[in-house]
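Contents: one structure, followed by commentary.
The values are calculated or read from the model by the stated rules, or taken from the named source; none is laboratory data. This structure is a prediction, so every number in the text was calculated from the model and none was measured. Reconstructed Cβ throughout: ideal geometry from the backbone, glycine too, with neighbour counts over all protein chains shown.
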Amino acid sequence: MLWKGRRQSDNIEDNRTDGGGGLPGGLGGGPGQFRIPIGGRAGGGGLSTIVILVVLYFGLKFLGIDPMQVLGGGGGGLLPGDNSQISQSDQPNQGTQANDEMKQFVATILAETEDVWNGIFQANGLTYEQPKLVLFSDQIRSACGFASSASGPFYCPGDRKVYLDTAFFDQLSRQFGASGDFAEAYVIAHEVGHHVQNLTGVLPKFNQMRQRMSEADANQMSMRVELQADCFAGVWGRFTAQKGILEQGDLEEALNAAKQIGDDTLQKKTRGYVVPESFNHGTSAQRQRWFKAGFDSGKLSSCDTFNNPI
């Protein structure tokens, strides 16, 4: 990916030297976080209820979906459920120069998402509110509660910020077998996809409804939310490719990353078996398919995970 020398976003908060303050161990984190798996849960009411609810009119029109149909929401992390055996404890410390370059990379990818989503929102008569991206080390406090590096990258609807410990990228390569700068860009674009869902009313509706949903129904709806964020990342990738900054093999890097963080793949790695009813982000095949759907079409209407089979 030809990212060097391009515009960098100013919407970066670098808290890597601050320490996040007091987080208990494990895959914790407050309610409402939307993570890339290493984990993410949901929670109340029944899928039939979702079918008859109406989400924000402008949000549905924006997504190219019939406004009389419902779009439920969930939100914010790249990694699924409880993969507590996945650890970052053996990750090497990165030097200042590496961290500086990583910050430049993250700021550049965030700027690229800003350009794409500003354009898409404007084309639909809307204003895109750019999210902040918080870099942290080890642990962090957000409006959604505490989180540790073990939680993986996540989006918090409460403060409209993406949270990222860049050590995750090393883990993505070494532990998950998903290396490459476009794989890393996919991680950021997925979390920004949750921000788009928040702005268009998807996440607020899901956060309301999951309090009344069974765990099984909430997991199913969470999968649809996560797969839509993957599709939005694909839409971003399409516009980025049109700029001529993707290189041969970049698309394969992103698809491989989507494969490696699927619920089934992660559960096989951490447990040795899969529990399909606990899936809350999507299988490897589903995550690849929805990213590719967005990438191939570049259209948000291709990302309707709520009214189509997943």
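For the stretch 128-145, the criterion of a residue being under 22 Å from G237 (Cβ atoms), buried (at least 24 other Cβ atoms within 10 Å of the Cβ) and modelled with pLDDT of 90 or more is satisfied by at least one position. Strands (runs of 3 or more DSSP E) fully within the stretch 132-191 that include at least 2 residues being polar (S, T, N, Q): 139-142. In this structure, is F206 in contact with a Cys (Cβ under 9 Å, 6 or more places away or on another chain) and either crowded, with 16+ Cβ neighbours inside 10 Å or within 23 Å of C156 (Cβ to Cβ) (or both)? No; evaluated as a whole, the condition is false for this residue. Condition first: among the aliphatic types (A, V, I, L, M) and not in a helix (DSSP H, G or I). Now tell me which residues in the stretch 213-255 satisfy that. Listed by number, the residues that qualify are M213, I245, L246.
Per the listing V106, V162, the residue uniquely in contact with a strand residue (DSSP E or B) (Cβ under 8 Å, 6 or more places away or on another chain), surrounded by 22 or more Cβ atoms within 10 Å (Cβ to Cβ) and under 21 Å from G5 (Cβ atoms) is V106. Selection within the stretch 227-266: residues that are polar (S, T, N, Q) and under 19 Å from the mean Cα position of the chain (by Cα). The member of this set that is nearest to N308 (Cα to Cα) is Q228.
Listed here are the residues, each with its yes/no results for (1) within 24 Å of K243 (Cβ to Cβ); (2) at pLDDT below 90; (3) of a type in the set (S, T, Y); (4) surrounded by 19 or more Cβ atoms within 10 Å (Cβ to Cβ).
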| position | (1), (2), (3), (4) |
| --- | --- |
| L110 | yes, no, no, yes |
| D115 | yes, no, no, no |
| N118 | yes, no, no, no |
| S149 | no, yes, yes, yes |
| G193 | yes, no, no, yes |
